[in-house]
Every structure is written in C-alpha cells, then in structure tokens.
C-alpha cells in the first residue's frame, strides 16, 4: 500500500491510498463519524483500474492528523474486540 497526502490545512486532510482495501478505510470512517471534532468525513474509490481509495476529513479546527490517529486507534480496538468475539464463538462446541 502506498499513501500520499493530497492536501492538508489546519482543519482538513485528504489522503490517497494506492492498492488499499476500501473496507479498511470504511472501518476508520465509521469510527470517526460520531467524533464531535469531525465535521465531514468521506471515503471514496478512485477509478477501478487505479485501485485508489481517497479519505477526506474536515474538523472543527482540531488537528485532522490527530483526529485521524484517534479514529485509527478506535478502529484497531474494534477489530481486536471483534477478533476475540469470533475466536470465543468458534471455540464453543
């Protein structure tokens, strides 16, 4: 996966992910939708042949880089919890 910053301001950040899975970024988006600092968050696919996924975040003035890091951390916790629940379910007869 290759990641490039397209634009960055004090309250926004746009990143393109090349050869990334769309679902991964949707999980991050889901964890940022309810963050009170986030005014807008979007994830979109680029052209099908380029395999690019774009993430845009607009904040209330908070540092978008930190807000994104926080969302990634929550996504990480969510997937860890899901993994544990699946392992528990599969270990039962």
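Derivation of every value follows stated rules applied to the coordinates shown; laboratory data play no part. Note that the structure is predicted; figures quoted are calculated from it, not measured. Cβ coordinates were reconstructed from backbone atoms using ideal geometry, including for glycine residues, and neighbour counts include every protein chain displayed.
Maximal additional length on extending the residue 3-residue 22 stretch stands at 5.5 nm, based on 0.36 nm per residue less the C-alpha distance. The distance separating the Cα centre of the stretch 1-30 from that of the stretch 53-89 comes to 12 Å. Estimated purely from DSSP H runs of n ≥ 4, each contributing -39500 (n - 2.57), the mean residue ellipticity at 222 nm for the chain is -15000 deg cm²/dmol once divided by its residues. Helix 22-33 and the longest principal axis of the Cα set of the chain meet at an angle near 80°. Let me know the shape class of the stretch 3-93, please: from the alpha-carbon gyration tensor, a ≥ b ≥ c as square roots of the eigenvalues, rounded when a/c is under 1.5, otherwise prolate if a/b is greater than b/c, or oblate. Cα axes put the stretch 3-93 in the oblate bin. Taking every alpha-carbon pair under 8 Å whose residues sit at least 6 apart, the chain reaches a relative contact order of 28 percent.
Remark: 14, 87 ranked as 87, 14, counting other beta-carbon atoms within 10 Å and listing the fewest first. The angle between the Cα long axis of helix 64-91 and the longest principal axis of the Cα atoms of the chain comes to about 20 degrees, rounded to the nearest 10.
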